[in-house]
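Below is one structure, written out as structure tokens; comments come after it.
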Amino acid sequence: MPTRDGTGPDHEELLLLWSARRTGVLDALTTTAGTADDVADETGLDRETSARFVRALADDGYLRRVGGEYEVTNRALGFLATRDVRSIGATPRALDLLDAMAEIGPDRAGDEGWTRDAERPDADERRLRHRLGAHTATPRATVRAGVTAAVHAAPDADRVVDVYGGSGVYATEFVRRGRATTLVESRDVLDVVEPMLAGQGVDTVETDEPTAVPVVDADLAVLADVVQRHPPAADRRLLQSVHDALVPGGAVVVLEPLRDRSPAARRVAVERLAVGRGDAYTSDEVEAWLGDAGFVDHETRDVPGTTVQAVVGRRERGVD
């Protein structure tokens, strides 16, 4: 499964990493194993298979030979137990999605508990950190372009709310541009990202209801790769809550690849299939939900230099 910026491992490399993780090879190599024989002893694989795994991982740059043993390179840092999600990158999240895809079946499809846990794995901190690591790895050019599109939609906005903004990469960019910015996220996410955001000027507000936004009286609300996470009924509730969080005249900007306008929507659709909820939506669908929530003057714009679109709506002035 491709990584979000399109520059990550190809499908052969992802399959290699996925197999190495599922068999325990990666865990062995990132903890105590230094040779193929060590890997065989720790995983139960035969020595020939272990040697092939080690050789393939070394060929792809995840291991290097030091004397008579192998050690992991910087490319493998995302697979190590790390508290800083900025060093994880997008690949571990891609492997988690492959795991989720492999688990789809009659006993899992449609199980609300499974779909919720696949996207919001509160009981699995590693997967949560992988998701946030992938979000942190959003290309800087994409973040900057998205923030520029949002600022163009509401050039006079001083107070921004980044709705379920994950790692806060968009929130910190707004702060750099002189906007007072609040990141609204769940407590489990904030526990991970607040240490990274310390000193960067981003305020945080906790909410544990994924379709509710506290009233923060913002001039501009941004939802980057958020609408895709929910089924349509939940998106309608979320956007209604966003409407109520804005001051009259405030604007909302939905940033994500749209099915009718972006080649990246295919990636979104596959990821959401793996997770079990949400989808890639069309511009007409998102604009209709904005209208249902009370927003007016909706329009969809391509974000230059990206595969992302910006769907814009405004809360009417003088409407309480």
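The values are calculated or read from the model by the stated rules, or taken from the named source; none is laboratory data. All figures in this text were calculated on a predicted structure; none of them were measured in a lab. Positions of Cβ are backbone-derived with ideal geometry, glycine not excepted, and every protein chain shown enters the neighbour counts.
Structure data summary
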| quantity | calculated |
| --- | --- |
| Out of Thr181, Thr211, Thr207, sole residue that is β-branched (Val, Ile, Thr), at pLDDT 95 or above and assigned by TED's automatic domain parsing to the domain that holds Arg277 | Thr181 |
| Residue check, Ala141 in contact (Cβ under 8 Å) with a residue 60 or more places away in the chain and under 23 Å from Ser241 (Cβ atoms) | no |
| Any hit, the stretch 211-224, residues being free of Cβ contacts under 8 Å to residues at least 40 places away in the same chain, among the hydrophobic types (A, V, I, L, M, F, W, C) and touching a Ser or Thr at 6+ places or on another chain (Cβ under 7 Å) | yes |
| Those residues of the stretch 209-246 which are part of a loop (DSSP other than H, G, I, E, B) and under 19 Å from Glu316 (Cβ atoms), in sequence order | Val213, Val215, Val216, Asp217 |
| Qualifying residue in the stretch 175-185 (condition: touching a residue at least 60 places away in the same chain (Cβ under 8 Å) and either touching a His at 6+ places or on another chain (Cβ under 9 Å) or loosely packed, with under 15 Cβ neighbours inside 10 Å (or both)) | no |
| Filter result for Phe53 (more than 30 Å from Leu197 (Cα to Cα) and surrounded by 20 or more Cβ atoms within 10 Å (Cβ to Cβ)) | yes |
| Residues located in the stretch 16-50, provided they are hydrophobic (A, V, I, L, M, F, W, C), in contact (Cβ under 8 Å) with a residue 12 or more places away in the chain and assigned to a helix (DSSP H, G or I) | Leu16, Leu17, Trp18, Ala20, Val25, Leu26, Ala28, Leu29, Ala36, Val39 |
| For Ala171: the one exception among (1) in a helix (DSSP H, G or I); (2) over 19 Å from the mean Cα position of the chain (by Cα) | (2) |
| Qualifying residues in the stretch 247-274 (those that are under 26 Å from Gly294 (Cβ atoms) and in a loop (DSSP other than H, G, I, E, B)) - the one nearest to the chain's Cα centre (by Cα) | Pro257 |
| Enumeration of residues in the stretch 51-70 that are charged (D, E, K, R) and either in a helix (DSSP H, G or I) or within 18 Å of Ile88 (Cα to Cα) (or both) | Arg52, Arg55, Asp59, Asp60 |
| Matching entry among Val169, Val160, Val151 (being modelled with pLDDT of 95 or more, within 25 Å of Asp96 (Cβ to Cβ) and among the β-branched types (Val, Ile, Thr)) | Val169 |
| Unmet criterion (only one of (1) within 30 Å of Gly105 (Cα to Cα); (2) at pLDDT below 95; (3) of a type outside the set (S, T, N, Q)) for Val319 | (1) |
| Meets criteria (in contact with a Phe, Trp or Tyr (Cβ under 7 Å, 6 or more places away or on another chain), among the aliphatic types (A, V, I, L, M) and assigned to a helix (DSSP H, G or I)) for Leu190 | no |
| Condition check for Leu57: at pLDDT below 90, at negative phi and outside the structural domain of Thr307 (by TED's automatic domain parsing) | no |
| Any chance Gly146 is within 12 Å of Leu223 (Cα to Cα), assigned to a loop (DSSP other than H, G, I, E, B) and in contact with a Leu (Cβ under 9 Å, 6 or more places away or on another chain) | no |
| Residue check for Glu194: without any contact (Cβ under 8 Å) to a residue 24 or more places away in the chain, of a type outside the set (Phe, Trp, Tyr) and either closer than 24 Å to Ala274 by Cβ or surrounded by 17 or more Cβ atoms within 10 Å (Cβ to Cβ) (or both) | no |
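This table checks each residue for (1) under 24 Å from Thr148 (Cα atoms); (2) surrounded by fewer than 22 Cβ atoms within 10 Å (Cβ to Cβ); (3) touching a helix residue (DSSP H, G or I) at 6+ places or on another chain (Cβ under 8 Å); (4) at pLDDT 95 or above.
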site	(1), (2), (3), (4)
Pro232	no, yes, yes, yes
Leu239	yes, no, yes, yes
Val242	yes, no, no, yes
Glu256	yes, no, yes, yes
Asp260	yes, yes, yes, yes
Pro263	yes, yes, no, yes
Leu273	no, yes, yes, no
Arg277	no, yes, yes, no
